[in-house]
Structure formats: C-alpha cells, structure tokens
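S.K.: Handing you a structure now.
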Amino acid sequence: METFAELWQNYWWLVFPLGAGTIALVGKVSSASERASKRRHQQRLEIMRAKSELKAVSTGATQNASTASAESQATQLARLFAAHDAVTARWLDYELDVAKLIAFPAMSDGRQPLTAAFLRAQRIADGLRPPSPKARITPDELTEYRNAVADYEVAFDVAERDARRVKDSAFTDAERKRLDKAKQLLTIAIDQAATPAERQVAYRRVREELDGLISLSDDAVEVLESKVALELPAPGIHPPAP
C-alpha cells in the first residue's frame, strides 16, 4: 500500500486544477451572495424610508390636532374620505389598466415587501372607515382613522416609487420577452382600427403571454374585454354631415 508521502509525490499536481475550480466556484457563490445582499439592503432602505415618512406624517397629524378639533367632525371625515378615495383611485388606475400592470408589475405583486405593506395599510384604512361622513364616532376613533389614512397615502407613494424603479427587473430574460410581446399584442387588442377578429386573437394571446407572470383581477379582465369588444362602424355607414 502506498504511503501518504508516495501519494503526494505522485499526485501533487492535482492540487492546482482542483484549487482553481474551487476558487471559481467560491467566486460565483460570493457574487450571487453579494447581489442578494444588495437587494436585501435596498429593500431595508426603502422600508426604513417608509417608516421615516410615516413617522413624519404622524407627527404632523399630532401637531395639527388642535386645529382639527376646531372643525366639526363631519368636516374632518369628509376631508379624510376624499384623501382615502384619492389613494384608492390611484391604486385602481394600476389595478384595472393591464398596460400599466405590464409596465409596473410590482404594483400587483403582493410578494413585494413594499406592495404588501401598502395592501396592509389599505385593509386597515378600509376597516377603520366610518360608514359615512355624518357618522358619530369617538375622538379616538377619528384619530385612529386619520392616522390610518395618512399611513395609506405614504405606503402607496413608497410602493409606487419602488414599482417604477424596479419595473420588470424581477423577471428573467425569457419572461421579459413575454411581457414585451404581451404589450405589443395589447395595442392590437384595443385598437379600433383592427377588425374584431384581430382584436379577439390578440386578446387571447395577451392572456396566454401573461399567464403565470401577472395575475389580472376579474375587474381588470372585465375592463380589458370591454375595450376589446368595441365594434367598428359597419362599412358604408357614415355619421351625418354637420
């Protein structure tokens, strides 16, 4: 049997290729780890920034409490309802517009930390909203709802900024190609210059390209289908001359 010294004399040269391969593997793992660390760091910065903004809004709300107390409760609730509805309208502008969802998919992805935080703030604000501006609630309930609306506004702003920053970077190259294809097909699906048959084919292909990439709500599908279903004027029929 060969001793260790004999084995070393015969096979010492194997150390160098093995070492190079090990170094290359460690380098790849290290690079991937660094990228993941940078992503986590960026998310932590966004969350810290969001918390800072929420704190600033909360502080401002506390400082203005004496001014708000001079207003009637109905006036305060009406203003809060308007702010609440404005944020919801901005969110629906993404939720119901398939073109915007393709351009900024993070706005519909509850797995994104900042989008998830916005959706939580939305649920809280909706849950604390009184039935009407004329509803009688306690001062504590009014303060709680006011803070919830402020949180809702800030959480949406932060989620929107992040979605516009990252765009489709979370997808692979192949998935991004599918998104680009869906975007092109969408223009045909809602183009009134195209025939109804062309629009229907393009619409079905849009749904196929987005399947597994972006989840469309029932309302978004209904809005898109209503655009696709628009009929062209019959040939030879022209509007009356003015």
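The values are calculated or read from the model by the stated rules, or taken from the named source; none is laboratory data. This structure is a prediction, so every number in the text was calculated from the model and none was measured. Using ideal geometry, Cβ is built from the backbone for each residue, glycine included, and neighbour counts are taken over all protein chains shown. All accessible areas refer to the heavy atoms of the entire protein, side chains included, with ligands and DNA or RNA removed. Shrake-Rupley method; radii C 1.70, N 1.55, O 1.52, S 1.80 Å.
S.K.: Computed over the Cα atoms of the stretch 85-242, what is the convex hull's projected area averaged over all directions, in nm²?
M.R.: 13.5
S.K.: Take the solvent-accessible surface of the protein heavy atoms, probe 1.4 Å, and return the percent of it on the stretch 84-181 that carbon and sulfur atoms account for.
M.R.: Solvent-exposed carbon and sulfur of the stretch 84-181 make up 52 percent of the total.
S.K.: Okay, moving on. Return the Rg/Rh ratio of the stretch 107-183 with Cα-based radii and a Kirkwood Rh.
M.R.: Reported Rg/Rh (Cα atoms, Kirkwood Rh): 1.19.
S.K.: Something else now. Which distance in nm do the two modelled labels at THR143 and ALA116 give, with both placed 7 Å along the Cα-to-Cβ direction?
M.R.: Rounded to a tenth, the inter-label distance reads 3.1 nm.
S.K.: Please give the contour-minus-distance gain from LYS134 to THR187: 0.36 nm per residue of separation, less the Cα-Cα distance, rounded to one decimal in nm.
M.R.: Length difference between fully extended and current span is 14.6 nm.
S.K.: Tell me the net charge near LEU179. Cut-off is 10 Å between Cβ atoms, LEU179 excluded, with +1 for each Lys or Arg and -1 for each Asp or Glu.
M.R.: That sum, taken over residues with Cβ under 10 Å, equals +2.
S.K.: Further question on the same structure: Efficiency by 1/(1 + (r/R0)^6): what FRET value for GLU71 and ASP126, r their Cβ-Cβ distance, R0 = 41 Å, to the nearest 0.05?
M.R.: In this case the efficiency is close to 0.95.
S.K.: Grab the Cα-Cα distance for LEU230 and ALA170, subtract it from 0.36 nm times how many residues apart they are, and report the gain in nm with one decimal.
M.R.: 18.2 nm
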